[in-house]
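Here is the structure we will look at.
The values are calculated or read from the model by the stated rules, or taken from the named source; none is laboratory data. Note that this is a predicted model, so its numbers are computed, not measured. Methodologically, a virtual Cβ is constructed for each residue, glycine included, from the backbone with ideal geometry; neighbour enumeration extends over all protein chains shown.
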Amino acid sequence: MKRSVLMAALGLALSVGGAGAQSFERNIMTGGPQGTYIKIGRDIAALGAECGLNLNVVESAGSLENFVGVRNRRNTQFGIVQSDVLEYLKTFEANDPEVQKAVKGVRIMFPLYNEEIHVLARKDIAGMKDLAGKRIAVGKKDSGTFLTATLVMDILQVKAGERLDINPDEALPKLLSGEIDAFFYVAGAPASLFTGNTIDKAKFHLLPITEAPLLATYTPSRIEPGTYSFQDQPVDLVAVKAVMMTYDYDIKRNAYHRDSCKTVADFSSLILSGLGKLKTTGHPKWKTVDLTALPPGWQVGVCVKAGMALDYKPACKPVSGNAAGSTADDTNEEYLDLLKQRLQQ
């Protein structure tokens, strides 16, 4: 990723503290209208609605915008992002104080599921190396698909003939009409973009992604036969972890931070209590969620752990009093202990 693109996305990491002057809202940044993120966000919002807690589900371009949104956007306590977004910022921009300022305070709420890296291409393109010199859509510049496509092609040293920074829903018709040769789409399978559109299996297929250099960053995965109408055979590829992120709010700072910490604790408790229902009635990806699978580099937020306590009760109606305290330690051991206790109930 070009540094100018990164800094434009980060917007110099403005403070979240300025939201206090606005009326309090709860928001979660998700993704595009056909993506998995927005459906996961709606599932979480439905849990809140049952408790009388309104959570607005906000469409976005994806992971980078969501990362910045939790840091900068008023009344935005949650975002769904790819785990390699944080890894990229911490690893490749480690010497940039502005980037590190943006990273500071960002926390994981829960790990969610693996997101498969789909590369839909013309049938005559056999593998990733064959993308060299081709016309490839890599996602909008502030999306997780763009970030992952950039990293994957960089690792494999594949140089496109032409890169188009457009969303997958814009890329699909261009591929079908022959204007481009392939496009990247990072989304949990089954991705509705592929299930809701007619794709000729004689002309297009998903590329296998099995190159060894990618396994240091991504997780091996498989899309089973019949997941999509154009796919008769299993496809081995790689995946990145989707995580629900939040911020380590300081309840001593101001009312906004106190209310936001309470919101994080409430939804932490609601998701744990409602996980069974989410696996049964929510998006199919909930069935694969493993809350113990914390990705490297992420720390669990204090407000998250407060809501995981056995005696915690979500504020299903407006209540007075202070939100959860912020004196707990900064390790993930407490999170795992609390998780074990809650899931054994």
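Of note:
- Check on L176, more than 18 Å from the chain's Cα centre (by Cα), more than 30 Å from C261 (Cα to Cα) and surrounded by 22 or more Cβ atoms within 10 Å (Cβ to Cβ): no
- Among (1) modelled with pLDDT of 85 or more; (2) surrounded by fewer than 18 Cβ atoms within 10 Å (Cβ to Cβ); (3) not in a helix (DSSP H, G or I), the one test that G32 misses: (2)
- Restricting the stretch 214-223 to residues that are free of Cβ contacts under 8 Å to residues at least 60 places away in the same chain and surrounded by 11 or more Cβ atoms within 10 Å (Cβ to Cβ), the residue that is farthest from T198 (Cα to Cα): L215
- Residue that is surrounded by the most Cβ atoms within 10 Å (Cβ to Cβ) [pool: residues in the stretch 263-279 that are small (G, A, S) and more than 19 Å from the chain's Cα centre (by Cα)]: A265
- Every listed requirement among (1) small (G, A, S); (2) buried (at least 17 other Cβ atoms within 10 Å of the Cβ); (3) over 17 Å from R107 (Cα atoms) is met by G301 save one, (3).
- Candidates L214, L175: the one that is modelled with pLDDT under 95, outside the structural domain of F67 (by TED's automatic domain parsing), at negative phi and not in a loop (DSSP other than H, G, I, E, B) is L214.
- Residue within the stretch 318-325 that is at pLDDT 75 or above and assigned by TED's automatic domain parsing to the domain that holds D43 present: no
- Test: residue in the stretch 247-260 that is crowded, with 20+ Cβ neighbours inside 10 Å, touching a helix residue (DSSP H, G or I) at 6+ places or on another chain (Cβ under 8 Å), in contact (Cβ under 8 Å) with a residue 24 or more places away in the chain and not assigned by TED's automatic domain parsing to the domain that holds G301: no
- Residue within the stretch 224-240 that is touching an Asp or Glu at 6+ places or on another chain (Cβ under 7 Å), modelled with pLDDT of 95 or more and either of a type in the set (A, V, I, L, M) or part of a helix (DSSP H, G or I) (or both) present: yes
- When the stretch 173-225 is filtered for residues that are closer than 24 Å to K141 by Cα and of a type in the set (K, R), only K174 remains.
- Residues in the stretch 77-106 that are at pLDDT 80 or above and either β-branched (V, I, T) or surrounded by 21 or more Cβ atoms within 10 Å (Cβ to Cβ) (or both): Q77, F78, G79, I80, V81, Q82, S83, D84, V85, V103, V106.
- Residue selected from the stretch 119-146 under the condition surrounded by fewer than 22 Cβ atoms within 10 Å (Cβ to Cβ) and of a type in the set (D, E), by the criterion nearest to G178 (Cα to Cα): D124
- Residues satisfying the stated conditions in the stretch 192-210, i.e. outside any loop (DSSP other than H, G, I, E, B) and surrounded by 15 or more Cβ atoms within 10 Å (Cβ to Cβ): S192, L193, F194, F204, H205, L206
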